[in-house]
Amino acid sequence: MIDVASLSFSYVSELTGDRVEALKDVDLSADAGSLTLVCGASGCGKSTLMKALTGLVPQMTPGELDGVVRINGRNLADVALTDVGHLCSSVFQNPRTQFFCDTVAEELAFCGENYGRERATLRQQSERAAKLMGISHLMERKLTTLSGGQLQKVALACALASGAPVLLADEPTSNLDPAAISEVRAALKVLKEQGLTIVVVEHRLHFLRGLADQVLLMESGRVTRRWNGAEFFSMGQAQRRSLGLRTLVDPGPPETWVGQGQVGCQENQVGQGQAARQEKQVGRQENREATPSQVRLSCRGLSFAYGANPVFEGLDADFPAGQITCIAGANGVGKTTLVRVLCGLAAPSSGTISLDGVPASRKTRRSACALVMQDTGRQLFSDTLAGELTIGASHASGQSGEQLLADFDLANLGERHPLSLSGGQKQRLVIAAARATGRPIVILDEPTSGVDARHLDSITATLRRIADEGAAVVVVTHDGEFAAACADRLITLTATGAYCAREGDQQ
């Protein structure tokens, strides 16, 4: 179904004039009903390979392509870009870049409408795809009202609704909660059984255990290692770490990420669709128990609603200085909305937010908080990485721009345009820019999306250092591996009204 032979792609850098070899002699063969996993460090060429499999490289990305890509026996060089959709469907690393319509239902029908399919067929394909991805309840929602994880599920559903025999998914679970990842796994299993050929690029690997038929490791544009699925997922931890790969074991649900020891549970009667919280206090060796004088940011009775639709209600939470507080919860429950309210980008419906015990206005909170958004492209403004770090920079950070770029493995890219970076590189740049502000509260929304194992460790170490210097660090995450490595405290927003207080083991 997919046959790639001696594929190479190079382009001339607009910045330096040097030729960049993005792909080098890549071979790939995948049969119908198989799933191929492509993994490797950020910037190694995975996304470029996916673009070559859809014809976007070189038709939409100028450069020199050598080798052959065949999909279902057809050479892509002989297929018009407008006809590639009959052969394969794609889920981009940033799903926002592939939407055209206003509502979910319209987006699901968009591909079939462009190919002139009958209305009854469109409806059937859309409803089937929505059910498979668990988004039937979102069909009439506007795309602009959905969370990042919900958008990712919509993008997957659109790819399935296209009816193409090949599915190409670039980081399809990067913004998904554990339950949604399980749904994606179940959907991929069904699609394999139906004979689709699937290629998945991922840093999160554990959910593909038992599904992946072959695994390719890419380094510097080359495929350097190959395994069958069973060999790959039986790999020892030492070998996995040496290859720079993330965990092969499911981190489990949020309640298992941080600490142990249930203190007590009760039902918080706030109603369906409103957020309650589950909070854990983790015992670290330093015994980081917070006192009122250490609480940098706090909220009491905090509520937010979109019109008549409540998102969360009556939320009480503390975010102590010197600690990393992770916020978890299902896609669409209101995590991003909560941090937007905390940092002053949105106004709460009711409640009080305080800094160092004093009620603070939105303007005051905006001045005190550095925010890393879920969609990093929305906060890149400069023409160079070095210039990006000067926006909002402060001497309080104690580090030069050069040192920050080095800390985030971006030292040799200082004069590159930020929008030319891979998803993981953009993520690290925006975190570096937040670090450069030196502000006392650092809020990050999914900071490990699209990040490989080595840079996950780097981000964890950086956030720990920021917290140890006295900042309150607040992190929205679905990443159990990351939360287990760095979180001092965990607050889980739910949609059921359940409230469960727990404590971690004290050391």
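The condition of being surrounded by fewer than 20 Cβ atoms within 10 Å (Cβ to Cβ) and not aromatic (Phe, Trp, Tyr) does not hold for residue 452. Going through region 299-315 one residue at a time, which ones are within 22 Å of residue 355 (Cβ to Cβ) and either touching a Gly at 6+ places or on another chain (Cβ under 6 Å) or surrounded by fewer than 22 Cβ atoms within 10 Å (Cβ to Cβ) (or both)? 299, 300, 301, 302, 303, 312, 314 - these are the residues of region 299-315 that are within 22 Å of residue 355 (Cβ to Cβ) and either touching a Gly at 6+ places or on another chain (Cβ under 6 Å) or surrounded by fewer than 22 Cβ atoms within 10 Å (Cβ to Cβ) (or both). I'm trying to understand the selection: among the residues of region 17-64, which are closer than 16 Å to residue 421 by Cα, assigned to a strand (DSSP E or B) and in contact (Cβ under 8 Å) with a residue 40 or more places away in the chain? Result: 21, 22, 23, 40.
Evaluate region 220-229: report whether one residue or more is over 26 Å from residue 70 (Cβ atoms), modelled with pLDDT of 95 or more, outside any strand (DSSP E or B) and touching a strand residue (DSSP E or B) at 6+ places or on another chain (Cβ under 9 Å). Checked region 220-229: no residue is over 26 Å from residue 70 (Cβ atoms), modelled with pLDDT of 95 or more, outside any strand (DSSP E or B) and touching a strand residue (DSSP E or B) at 6+ places or on another chain (Cβ under 9 Å). Just one of the listed residues (167, 160, 188) is touching a Ser or Thr at 6+ places or on another chain (Cβ under 7 Å), among the aliphatic types (A, V, I, L, M) and at pLDDT 90 or above, and it is 167.
The set of residues in region 65-85 being assigned to a helix (DSSP H, G or I) and either acidic (Asp, Glu) or buried (at least 17 other Cβ atoms within 10 Å of the Cβ) (or both) consists of 76, 78, 83, 84, 85. Going residue by residue through region 135-149, is there one that turns out to be in contact (Cβ under 8 Å) with a residue 40 or more places away in the chain, buried (at least 21 other Cβ atoms within 10 Å of the Cβ), out of contact with any Lys or Arg (no Cβ under 7 Å at 6 or more places or on another chain) and not in a loop (DSSP other than H, G, I, E, B)? Checking region 135-149: at least one residue is in contact (Cβ under 8 Å) with a residue 40 or more places away in the chain, buried (at least 21 other Cβ atoms within 10 Å of the Cβ), out of contact with any Lys or Arg (no Cβ under 7 Å at 6 or more places or on another chain) and not in a loop (DSSP other than H, G, I, E, B).
For every residue, the table says whether it meets (1) outside the structural domain of residue 417 (by TED's automatic domain parsing); (2) within 25 Å of residue 258 (Cα to Cα).
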residue	(1), (2)
298	yes, yes
302	yes, yes
327	no, yes
331	no, yes
339	no, yes
376	no, no
383	no, no
386	no, no
393	no, no
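Residues in region 476-489 that are in contact with a helix residue (DSSP H, G or I) (Cβ under 7 Å, 6 or more places away or on another chain) and of a type in the set (A, V, I, L, M): 476, 485.
The test for being within 24 Å of residue 337 (Cα to Cα), hydrophobic (A, V, I, L, M, F, W, C) and not in a strand (DSSP E or B) holds for residue 155. Could you tell me whether residue 57 is closer than 29 Å to residue 206 by Cβ and either surrounded by fewer than 22 Cβ atoms within 10 Å (Cβ to Cβ) or under 24 Å from the mean Cα position of the chain (by Cα) (or both)? When the stated conditions are applied, residue 57 does not pass them. Of all residues in region 193-219, those satisfying the criterion of being outside any strand (DSSP E or B), closer than 17 Å to residue 453 by Cβ and not aromatic (Phe, Trp, Tyr) are 202, 203, 204, 205, 206, 208, 209.
For every residue, the table says whether it meets (1) more than 17 Å from residue 438 (Cα to Cα); (2) touching a residue at least 12 places away in the same chain (Cβ under 8 Å); (3) touching a Leu at 6+ places or on another chain (Cβ under 7 Å).
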site: 350; (1), (2), (3): yes, yes, no
site: 358; (1), (2), (3): yes, no, no
site: 371; (1), (2), (3): no, yes, no
site: 385; (1), (2), (3): yes, yes, yes
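Looking only at region 337-396, residues that are under 23 Å from residue 315 (Cα atoms), aliphatic (A, V, I, L, M) and under 26 Å from the mean Cα position of the chain (by Cα) come to 12 in all.
The residues in region 87-102 that are surrounded by 17 or more Cβ atoms within 10 Å (Cβ to Cβ) and free of Cβ contacts under 8 Å to residues at least 24 places away in the same chain can be counted, and the count is 0.
Need the failing condition index for residue 89 against (1) at pLDDT 95 or above; (2) of a type outside the set (A, V, I, L, M, F, W, C); (3) under 23 Å from residue 189 (Cα atoms); (4) more than 27 Å from the chain's Cα centre (by Cα), just the number. Condition not satisfied by residue 89: (4). Restricting region 307-357 to residues that are of a type in the set (Ser, Thr, Tyr) and in contact with a Phe, Trp or Tyr (Cβ under 8 Å, 6 or more places away or on another chain) leaves a set whose member that is farthest from residue 470 (Cα to Cα) is 349.
Residue 209 meets all of the listed conditions (1) crowded, with 24+ Cβ neighbours inside 10 Å; (2) under 26 Å from residue 480 (Cα atoms) but one, namely (1).
The values are calculated or read from the model by the stated rules, or taken from the named source; none is laboratory data. Because the structure is a prediction, the values reported are computed rather than measured. FYI the Cβ positions are ideal-geometry reconstructions off the backbone, even for glycines, and counts take in every protein chain you see.
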